[in-house]
Amino acid sequence: MCEMTRSSWALRLSPWLLGALVAPQAAQALDAEVRGLGGPAADNVEAYLDALDIPANARLDIYDSEVMSRVSDALRAFGYYEPQISVDFRDRDSVVVDIVPGERVIVRNVYVRVEGEGGQDDSFQRLLDASELLKDEGRPLLHAHYETLKTQLDTLALQRGYFNSQYRVHRLEVRPWDHSANVYLVMDSGRRYHFGEVSYSGSQIRQERLEAMRPFQPGDPYLTDDLALYNSRLGQAGWFRSVSVRPRLEREAQPSAPAGAQAPSPDDTSQGGGGEQEASAAAPEVPVDVSLIAADRHRFETGIGFATDVGPRLQLTWRQPWRNDLGHSWENRLYLSSPRQTLGGMYKIPLDDPLRDSYEFGYGFENLDDNDTRSRRLFFTPARVWQFDNGWSQRVYVRVSQENFTQADQSDNVFLITPGVSWGRTAVDDQRFPMHGNRQDLLIEGSSDQLGSDITFLRSVFTTQWIESIGNDNRFFVRGNVGAIETDDFPRMPPSLRFFAGGDTSVRGYSYETLAPRNDDGELLGGQQMFTGTLEYQRRVTGDWWSAAFYDFGDAFDSWSDSSLKTAAGLGVRWISPVGPIRFDIAHPFDDEDNSWRIHFAIGPEF
């Protein structure tokens, strides 16, 4: 039983008791100047008078009593039951109210209890423990605390399946002559409902797939959060255009409490609502209806963009969110920019838990012609993917690739079978422009001639990115990126696996991927190690416009001992546009021969 007990009194609930701080809105507000009282009580008086609309041809003196009545009601909500009030209309739109509030009513006794099965539910006990009403003994009366707890109990009962709950006692006794009040609130929760049969309609996906995502089973105690979670999971699957998960409620008729019911004694520990007789009966059940509308089987998307790293770019995507009743999905994508052209796709097979476990089969062809790199790459990558409750994902894969390339004066045609594993996690408070969040990515992969590959290597990359804010107008962005390759045959490493730095999302102030070791002719070779970082401060200018100041550093190199990081600093502008953040930066490199400023432009969040 959840019980908080104080000495009991008989009491009666006055019909004017509202306990709220906001009065109904009217077409025309009366401007009230409240004298003799300040704080929330004065605000409540003004709120009550805002709703008073005085017709243009009305006599003002006949509204004195109405104003005084409204002021009295507003003051009672704060425990002022014997105020002295005078009213002086300046005109029909404004009034001066002088108040001598008098002595406040003090709460002497509070008696709150939850009976029935809810009395054994820890959620009700936690609610009572946190309630302001239970702390009000000896304090001035605030009607809002009473009404708030009553509303919270009603809400919690519905959320947890106590659909037949009722109040045996809900009364507030106020004794103005004694400046005291006593509170009684006794809820009989009745029986807790359990989930019943789950019915599906409109689904093109096998029912067992849908059931695998369901966070509850028939017979489990009812919980609204479980329905919301199931609704969210079905939506995340991407199989449906519309998802509706609803309980089929058939509320039983409720006997009303006797009008003359008395407050129970604090020592009364009766459970109410049937007690042992209820416990012996089968738990009532709530059927659940799941209504679904299939998503379009084919989706086509076009994306056009621009970045200083690659210039204009075009992306065409063809998605099939579901190919069969098992929920398989397929995506194909064409990406075109001046230096890079890619045609590829991904076929996904969900497993027993469709949102958490899956097989993915990636494939594609890529052509790259940038700086001193010429490459044509064909690849196929089967992978096993896990999504964990803590937000992390794990991907174990084997990439089979053939890459024909020329990197500066090095040319080769390399076949690789590359097993690897990657972990990633992104946690942000807003996907478009987060004020707090971070992203972590770690990749470890390698190959060996014993697997049939042309070369042997071990490669790892770690990226960490953080966004934090102070208030609503100061935003900080930090990024770090480190990578390393261990191999005895680096000249045969394909360009897609070598390290290069510089560009919009690396070290601004330098051209895209131009920071790396070079040969004697000054041509880029790429590095075996890489380290870059960013420190950026952003300040809101107005609305969705922000200014930025940043410092970037980093390089790609062949040996940590011989590394010499390049640095740059600059200023920028951020606009949170309807299509996403637009970033414009101008950066000055400190280690470039021509020492010239460079402009960077990009669309999209930092991560």
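The values are calculated or read from the model by the stated rules, or taken from the named source; none is laboratory data. What you are looking at is a predicted structure, and each value in this text was computed from that prediction instead of being measured. Cβ placement follows ideal geometry from the backbone for every residue including glycine, while neighbour counts extend to all protein chains displayed.
One line per residue, one yes/no per condition, for (1) at pLDDT 95 or above; (2) among the β-branched types (Val, Ile, Thr):
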position: Gly522; (1), (2): no, no
position: Gly527; (1), (2): yes, no
position: Gly543; (1), (2): yes, no
position: Asp555; (1), (2): yes, no
position: Lys566; (1), (2): yes, no
position: Ala569; (1), (2): yes, no
position: Val573; (1), (2): yes, yes
position: Ile576; (1), (2): yes, yes
position: Ser596; (1), (2): no, no
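Give segment 229-245 a look and list any residue that's part of a helix (DSSP H, G or I) and either of a type in the set (Lys, Arg) or out of contact with any strand residue (DSSP E or B) (no Cβ under 8 Å at 6 or more places or on another chain) (or both), or say none. Leu229, Ser232, Arg233, Gln236 - these are the residues of segment 229-245 that are part of a helix (DSSP H, G or I) and either of a type in the set (Lys, Arg) or out of contact with any strand residue (DSSP E or B) (no Cβ under 8 Å at 6 or more places or on another chain) (or both). Of the conditions (1) surrounded by 15 or more Cβ atoms within 10 Å (Cβ to Cβ); (2) among the hydrophobic types (A, V, I, L, M, F, W, C); (3) assigned to a strand (DSSP E or B), Leu314 fails just one. Which one is it? Of (1) surrounded by 15 or more Cβ atoms within 10 Å (Cβ to Cβ); (2) among the hydrophobic types (A, V, I, L, M, F, W, C); (3) assigned to a strand (DSSP E or B), only one is false for Leu314: (1). Sort out which residues of segment 351-375 are touching a helix residue (DSSP H, G or I) at 6+ places or on another chain (Cβ under 7 Å) and either without any contact (Cβ under 8 Å) to a residue 60 or more places away in the chain or not assigned by TED's automatic domain parsing to the domain that holds Asp412 (or both), and write them in order of number. Hits for segment 351-375 are Asp352, Asp353, Pro354, Leu355.
Just to check your reading of the model, which residue among Asp558, Asp585 is charged (D, E, K, R), touching a helix residue (DSSP H, G or I) at 6+ places or on another chain (Cβ under 9 Å) and either crowded, with 17+ Cβ neighbours inside 10 Å or not assigned by TED's automatic domain parsing to the domain that holds Ile444 (or both)?
Going through Asp558, Asp585 in turn, the sole match is Asp558.
Contact map, segment 81-102: first residue farther than 19 Å from Ile54 by Cβ, second residue of a type in the set (Asp, Glu), Cβ cut-off under 6 Å, separation 6 or more or different chains; pairs are Gly102/Glu82. As for segment 146-164, it holds at least one residue that is in contact with a Gly (Cβ under 7 Å, 6 or more places away or on another chain), aromatic (Phe, Trp, Tyr), over 15 Å from Val45 (Cα atoms) and assigned to a helix (DSSP H, G or I).
Take segment 468-526 and flag every residue that is among the small types (Gly, Ala, Ser) and out of contact with any Asp or Glu (no Cβ under 6 Å at 6 or more places or on another chain). Walk me through it before giving the result.
Keep residues of segment 468-526 that are among the small types (Gly, Ala, Ser), which gives 469, 471, 480, 483-484, 496, 501-503, 506, 509, 511, 516, 522, 526.
Once the filter is applied, which keeps residues that are among the small types (Gly, Ala, Ser) and out of contact with any Asp or Glu (no Cβ under 6 Å at 6 or more places or on another chain), segment 468-526 yields Ser469, Gly471, Gly480, Gly483, Ala484, Ser496, Ser506, Gly509, Ser511, Ala516, Gly522, Gly526.
From the list Arg439, Arg475, Arg432, which one is in a loop (DSSP other than H, G, I, E, B), basic (Lys, Arg) and assigned by TED's automatic domain parsing to the domain that holds Ala383? Within the list Arg439, Arg475, Arg432, the selection yields Arg432.
Is there a residue in segment 66-77 that is farther than 17 Å from His143 by Cβ and touching a residue at least 40 places away in the same chain (Cβ under 8 Å)? No.
Determine whether segment 155-165 contains at least one residue that is of a type in the set (S, T, N, Q) and without any contact (Cβ under 8 Å) to a residue 24 or more places away in the chain.
Taking segment 155-165 and keeping what is of a type in the set (S, T, N, Q), we get 155, 159, 164-165.
After this cut, where a residue has to be without any contact (Cβ under 8 Å) to a residue 24 or more places away in the chain as well, the list is 155.
So far as segment 155-165 goes, yes, one or more of its residues are of a type in the set (S, T, N, Q) and without any contact (Cβ under 8 Å) to a residue 24 or more places away in the chain.
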